[in-house]
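**Student:** Here you go, one structure.
Each reported figure results from applying straightforward, stated rules to the coordinates on display, with no laboratory input. Keep in mind that this is a model prediction, so the values were computed, not measured. Methodologically, a virtual Cβ is constructed for each residue, glycine included, from the backbone with ideal geometry; neighbour enumeration extends over all protein chains shown.
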Amino acid sequence: MPDEAPVVFTRFVSSVEGRLVSRWDAPGACFGARLATFEERKAGAAPFTWDTECVVPLMGAFCAKYDRELRNALRGGDLKECSREDYEQWLKTEAAREAEHVARLNAAKAEAEKPAAEASVETHVQAEDTTPPDEAEPKGRKKK
């Protein structure tokens, strides 16, 4: 299998609150925004949620193909131009958020398993025969 060329990003953008920009290559997707879930909408949330801190990397082929649309969105203030450093910082921030999220999930899982583990120990102790040997029935004898 031949080595694949590394992905090279040439531009970086982020969304602007209230300015919805569709991904020209992916109908239904937007730059740095997502559709609110049914539960969020039911709770009164806006139809879209913006993540203006999200830095979206764009490949050269994408930028060449959608050059006019991209320039218009940047010029019109619908998207904000970012740097590679902004993108790298965002990646670090996202990795830290993900690690924190996983740690919270693991702590919650351990907390939830604790009562089950304690109950298992209690059940095991109750199931053991605690009758003193001198009071136990001899083997092979049936009760009357």
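**Student:** Tell me, what are the semi-axes, in whole angstrom and largest first, of the equivalent ellipsoid of the stretch 7-82 as set by the roots of 5 times the Cα gyration tensor eigenvalues?
**Tutor:** Computed over the stretch 7-82, the values are 25, 12, 11 Å.
**Student:** Considering only the other residues whose Cβ falls under 12 Å of the Cβ of SER14, what net charge follows from Lys and Arg at +1 and Asp and Glu at -1?
**Tutor:** Within the 12 Å Cβ shell, the charges total -3.
**Student:** What does the charge count near TRP90 come to, summing +1 for each Lys or Arg and -1 for each Asp or Glu among other residues with Cβ under 12 Å from its Cβ?
**Tutor:** Overall, the nearby charge balance is -3.
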